[in-house]
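Notes to accompany the following structure.
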Amino acid sequence: MRAIVPHLDICTGCRMCEMACSLHHEGLVNREWGRIRVHRKGIEHCVPVVCNQGASCDKECVKVCPVECIRDVNGHAVEVVREECIGCGECVEACPYNAIHMRGDVAFKCNLCDGDPTCIKFCSLEAITFEESIPEEFDRAKDAAEAVR
Amino acid sequence: MKGFAGRILKIDLTSRAVEKSPLPESLVRTYLGGTGFAARFLYDNVPSNADALGPSNVLILAPGLLNGFPVPTGGKVLFCAKSPLTGTIAESVMGARLGSELKRAGYDLLLVSGMSGSPCYVYIDDDDVEIRDAGDLWGKDTRATAEDIRRTEGDAVVACIGIAGENLVRYANIDCEDRQSGRGGLGAVMGSKKLKAIAVKGTGDLVPHDADKLMELCLRYYGRMVESPAFNDDTKYGTGEFLEWMNSEKGTFPTRNWREGVFDDREKIDPYYWAPLYMKRNNACLACPKPCGRIFGIDEGRYAGLRIDGIEYELLYSLGGLCGMGDIEELARANELCDLHGLDGISAGAAVAFAMDLFQDGILTREDAGGLNLEFGNPEAELKLIEMIARREGLGDVLAEGVKRASERIGKGSEDYAVHVKGMEPPAYDVRGIKGMALAFMTSSRGACHLRSCAYALELTGKFWKFEGVDRFSTEGKGVEIKELEDMMTVYDVLGVCKFSRGFFLAEGFVDVLRTVTGLEFSESEILELGERVNNLKHMFNLREGLTRDDFRLPKRLLTLPIPEGASKGHVVTEEEMNKMLDDYFEARGWSKDGLPAEEKTRDLDLA
Ligand code: SF4
Ligand code: SF4
């Protein structure tokens, strides 16, 4: 299964992924609408945080959603069906990667742009790659995501 | 208005009043953003002959128009005020998130006036704006200050000063996430207002005029940048990439306080040597896919644990060659001191080099220097002196005034050793061998500067944009050249685009980007006219402060001491060449021989 794999030592903190993500999905630019978000940890490194689509988790968001609006829609991405979301926020709490967010009354998360992720197209030094999962990289990302929660 | 936040935020630290007002639509088309808004509001809000370190000076934070959008390298934001170093307009651009965050908080511009009675910091969280106590932060270095604020404010983007700004060092800078608004003493302006930091959190949407088209444009320019031949070298070696070329091939790397133009220890400070050993990762400005910034780290020895963003070309010159110092770890430590204390590394290095030069000729003694052996190339002396400058101790107190004022204090002929234009210590281009660049140093509105025009690239390669066959040793045609380049580069600072992208955008690219983000239609010539307008306005500000033709002069050393060795050997700018180029420039600008804009010029530019 292919997923967006973050590489913590490479991320430059340019935030092109963040900006392009919200522009693609919402037609505007706002980190608060970003499915991928970059966190700066002092001068040491920057951490891109994004959903791994179950490659490295047990799809906790899917499990906890009381109305089952988080589903594997097209076979490669876990998606929030916006119209059905009741805005309870359970998934946000449950995600071990801090990769699902609420704004207003809806949850939203990365859906891999229907298989062709926009963020990847803007990451010049390949700090995020779209490939078969790399468990070690996900482990590090999880620790980092925990630290920025 | 698409692309704009639509409001201006004004804070007065004396009365503690906070005012939010709509962005005047009349200014949008004529100034657009960034340095355009900054120049207009500086001119309109700072009374003439205001004390740069007094309450009536206004500190302006101006995001570039494109800040926040994924236009590649469009993340540049600037601070502006009247300069305590030069008495002219000061503005300094940095690649930090501060601008986009301010826009997302809902403001296209922030003006801070007045003076707080005690240390404070400004906290902006969308509509919520507070002036908070900074008693506990005063005295802390830039990194600790930002960390402390972020500990309580989470994701806020923090710009702050170090002790140099608190101590009113005339070239103190403002730091934001290890990037600096470096030149002209803007940190001292903050210090004078007892303003330790500005913290911004913004959660609003930035809505472009045409989102689909914008995505397409961003991808196109991104692709061009990433595929360009320079991508690899820029990201691997950073701005110092062309050091050997500047030093050996061109002979224009100012060395030992401009006694020489070639540094014999070049290979020890060349990024081709040190990047593979010390570089940890790339560190980008907001929105930059081809980052020249990098994190330099030392893991062993006495500086183990050191981390800086650098070492940038300019500081390889000022803290390295100019001081005759060729030890890369000591240089990194000097760079770190400047960053932590909040000192402009160019001016600080130049001040140290100036002192070393006086020491060599016996004008300053060991006693004057508090016992320091100020020989060129002595790293201990350099580091100690930087510390003394930031703390304003002993000789450091004199050097904290900048080389111009310091030489006036020291006397004894030291004026001849002070290399500056309008009081600003110059960047790393030995203009005796780059004549057009000499003119650019002279004409820059903030004092000796390479970035108002970026003429070095054209001069040294012979071609750029609409210019071809340019000869760096000739003075022909330089007036028009510098005028046109200044107007073009000003557009970069209006939009907030990096000038290292000058090969990618130019006026035609900006027409597209502007339309897509704002819906405003501009022709190429209208964009350039906007640049011209802004430059004239900055000049009018300087004139109002009493600037005269004499203030455009080069310092004596560059007029009398030819470069002794290397590829530019024997070259100097003569008095005659200086005057000829300045006459040409004034004419190209439509100004009189004394530098006064003709009435029709100001009228044509809507400045009358
Ligand atoms: S685009 Fe890549 S380098 Fe830039 S912030 Fe995102 S993950 Fe990091
Ligand atoms: S949002 Fe979180 S829990 Fe759900 S699939 Fe992605 S990483 Fe797993």
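Considering lysine pairs in region B:7-201 that are 8 or more places apart or on different chains, how many have Cα atoms under 20 Å apart?
The number of close lysine pairs in region B:7-201 is 18.
Scan chain A and report its longest stretch carrying no GluC sites (Glu not before Pro) that are both in a DSSP loop and have at most 15 other Cβ atoms within 10 Å.
Longest site-free region, per DSSP loop and neighbour criteria: A:69-125.
Can you give the calculated 222 nm mean residue ellipticity of chain A, where each DSSP H run of n ≥ 4 adds -39,500 (n - 2.57) and the sum is split over every residue, rounded to the nearest 500 deg cm²/dmol?
One gets -6500 deg cm²/dmol as the mean residue ellipticity at 222 nm.
I'd like the trypsin sites (Lys or Arg not before Pro) in region B:278-381 restricted to DSSP loop residues with at most 16 other Cβ atoms within 10 Å, sorted by number.
Here the trypsin sites (Lys or Arg not before Pro) that fit, given the DSSP loop and packing criteria, are B:ARG302, B:ARG366.
For peptide B:284-292, compute the average count of partner chain beta-carbon atoms within 10 Å of each residue's beta-carbon.
5
Estimate for me the total accessible surface buried between chains A and B (protein heavy atoms, probe 1.4 Å, no ligands or nucleic acids), in Å² to the nearest 100.
Buried: approximately 2800 Å² between B and A.
Considering only the other residues whose Cβ falls under 15 Å of the Cβ of A:VAL78, what net charge follows from Lys and Arg at +1 and Asp and Glu at -1?
For residues surrounding A:VAL78, the net value is -1.
Need one word for region B:456-608: rounded, prolate or oblate. Basis is the Cα gyration tensor (sqrt eigenvalues a ≥ b ≥ c); a/c below 1.5 gives rounded, then a/b vs b/c decides.
Verdict is oblate for region B:456-608.
Which loop-located chymotrypsin sites (Phe, Trp or Tyr not before Pro) does region B:467-525 contain, where loop means any DSSP state but H, G, I, E or B and the Cβ has at most 16 other Cβ atoms within 10 Å?
Answer in residue order: B:PHE473.
Please work out whether region B:128-178 counts as rounded, prolate or oblate from its C-alpha gyration tensor, where a ≥ b ≥ c are the square roots of the eigenvalues and a/c under 1.5 means rounded, while otherwise a/b larger than b/c means prolate and anything else oblate?
prolate
Would you mind calculating the relative contact order of region B:7-201 from Cα pairs under 8 angstrom and at least 6 residues apart, reporting the percent as a whole number?
Relative contact order for region B:7-201 comes out at 23 percent.
With the crude spin-label approximation of a point 7 Å out along Cα→Cβ, what separation in nm comes out for B:ASP512 versus B:GLU227?
Rounded to a tenth, the inter-label distance reads 1.3 nm.
Would you kindly derive the ³J(HN,Hα) couplings of region B:326-331 from the backbone phi angles with the Karplus curve 6.51 cos²θ - 1.76 cosθ + 1.60 (θ = phi - 60°), listing them in order in whole Hz, with x for Gly and Pro?
Coupling constants for region B:326-331: x, 10, 5, 6, 5, 4 Hz.
Give the accessible surface of the protein assembly as shown per residue, rounded to a whole number of Å², with probe radius 1.4 Å and ligands, DNA and RNA excluded.
Per residue, the protein assembly as shown has 33 Å² of solvent-accessible surface.
Taking θ = phi - 60°, what integer Hz values does the Karplus form 6.51 cos²θ - 1.76 cosθ + 1.60 yield along region B:315-325, in sequence order, with x for Gly and Pro?
7, 4, 7, 5, 8, x, x, 4, 9, x, 10
Kindly identify chain B as rounded, prolate or oblate by the Cα gyration tensor criterion: order the square roots of the eigenvalues as a ≥ b ≥ c, call it rounded if a/c is under 1.5, otherwise compare a/b with b/c, prolate if a/b is larger, else oblate.
Taking the square roots of the gyration eigenvalues as a ≥ b ≥ c, chain B is rounded.
Quick check: at a probe of 1.4 Å, how many percent of the accessible area of region B:235-417 sits on carbon and sulfur atoms?
C and S atoms contribute 44 percent here.
Relative contact order of chain B: what whole-number percent is it, with Cα pairs under 8 angstrom and at least 6 residues apart?
Once normalised by length, the contact order is 15 percent.
Evaluate E = 1/(1 + (r/R0)^6) for B:GLU249 and B:LYS593, where r is the Cβ-Cβ distance and R0 equals 45 Å; express this FRET efficiency to the nearest 0.05.
That pair, B:GLU249 with B:LYS593, gives E of 0.75.
Taking all protein chains in place and a 1.4 Å probe, what share, in percent, of the accessible surface of region B:135-202 do carbon and sulfur account for?
Its accessible area is 43 percent carbon and sulfur atoms.
Using 1/(1 + (r/R0)^6) with R0 = 51 angstrom and r between the beta carbons of A:VAL64 and B:LYS466, what's the FRET efficiency to the nearest 0.05?
0.25
How many nm separate the modelled label positions at B:ARG553 and B:LYS569, each set 7 Å beyond the Cα in the direction of the Cβ?
Each label point lies 7 Å from its Cα, and together they span 3.1 nm.
Taking 20 Å² as the minimum loss, tell me which residues in region A:1-31 lose that much accessible area going from the chain by itself to the full protein complex (1.4 Å probe).
Output list: A:ASP9, A:THR12, A:CYS14, A:ARG15, A:MET16, A:MET19, A:LEU23, A:GLY27, A:LEU28, A:VAL29, A:ASN30, A:ARG31.
Heavy-atom accessible surface, probe 1.4 Å, ligands and DNA/RNA ignored: which residues of region B:79-127 lose at least 50 Å² versus the isolated chain?
Buried by 50 Å² or more upon assembly, which counts only protein chains, are B:ARG97, B:ARG104.
With labels modelled as points extended 7 Å from the Cα through the Cβ direction, what inter-label distance (nm, one decimal) is found for A:GLU136 paired with B:ASP604?
Label-label distance for A:GLU136 and B:ASP604, simple model: 6.5 nm.
Which value at 222 nm does chain B reach when only helices count, each DSSP H run of 4 or more adding -39,500 (n - 2.57), with the total divided by all residues and rounded to the nearest 500 deg cm²/dmol?
-11500 deg cm²/dmol
Can you give the longest stretch of chain B with no exposed loop site, where a site means GluC sites (Glu not before Pro) in a DSSP loop (not H, G, I, E or B) with at most 14 other C-beta atoms within 10 Å?
The longest uninterrupted stretch comes out as B:1-299.
Cross-link list B:LYS478/B:LYS601; B:LYS556/B:LYS601; A:LYS63/B:LYS2; A:LYS63/B:LYS213: which exceed 30 angstrom alpha carbon to alpha carbon?
Violating the 30 Å Cα-Cα cut-off are B:LYS556/B:LYS601; A:LYS63/B:LYS2; A:LYS63/B:LYS213.
Give me the dipole magnitude in Debye, nearest 20, for region B:358-503 about the Cα centre, with unit charges on the beta carbon: positive for Lys and Arg, negative for Asp and Glu.
With only Lys, Arg, Asp and Glu charged at Cβ, the dipole is about 460 debye.
Between region A:8-47 and region B:89-147, what is the separation of their alpha carbon centroids in Å?
If you average the Cα positions of each part, the centres end up 22 Å apart.
Buried by at least 30 Å² relative to the chain on its own: which residues of region B:44-71 qualify, computing accessible area with a 1.4 Å probe on protein heavy atoms?
Listed by number, the residues meeting the 30 Å² cut-off are B:GLY68, B:PRO70.
Sort B:LEU547, B:LEU66 by accessible area with a 1.4 Å probe, largest first.
Accessible-area ranking of B:LEU547, B:LEU66, largest first: B:LEU547, B:LEU66.
Taking the alpha-carbon centroid of each part, what is the distance from region B:490-523 to region B:172-213 in angstrom?
That distance is 21 Å.
For region B:152-231, run through the chymotrypsin sites (Phe, Trp or Tyr not before Pro) and keep only the ones in DSSP coil with at most 14 other Cβ atoms within 10 Å of their Cβ.
Answer by residue number: there is no such site.
Would you check the accessible area of B:MET215, probe 1.4 Å, heavy atoms only, in square angstrom rounded to 10?
Spelled out: B:MET215, probe radius 1.4 Å, area about 30 Å².
Using alpha carbons only, how many angstrom separate the centre of region A:77-149 from the centre of region B:348-400?
Region A:77-149 and region B:348-400 have Cα centres separated by 54 Å.
Got the relative contact order for region A:10-93 handy, in percent, Cα pairs under 8 Å and 6 or more residues apart?
With pairs under 8 Å counted, the relative contact order is 19 percent.
The values are calculated or read from the model by the stated rules, or taken from the named source; none is laboratory data. A quick note: this is a predicted structure, and the numbers were derived from the prediction, not measured. A quick note on method: Cβ atoms are made from the backbone with ideal geometry, for glycine too, and the neighbour counts reach across all protein chains shown. These area figures cover heavy atoms from the full protein model, side chains too; ligands, DNA and RNA do not enter into them. Shrake-Rupley method; radii C 1.70, N 1.55, O 1.52, S 1.80 Å.
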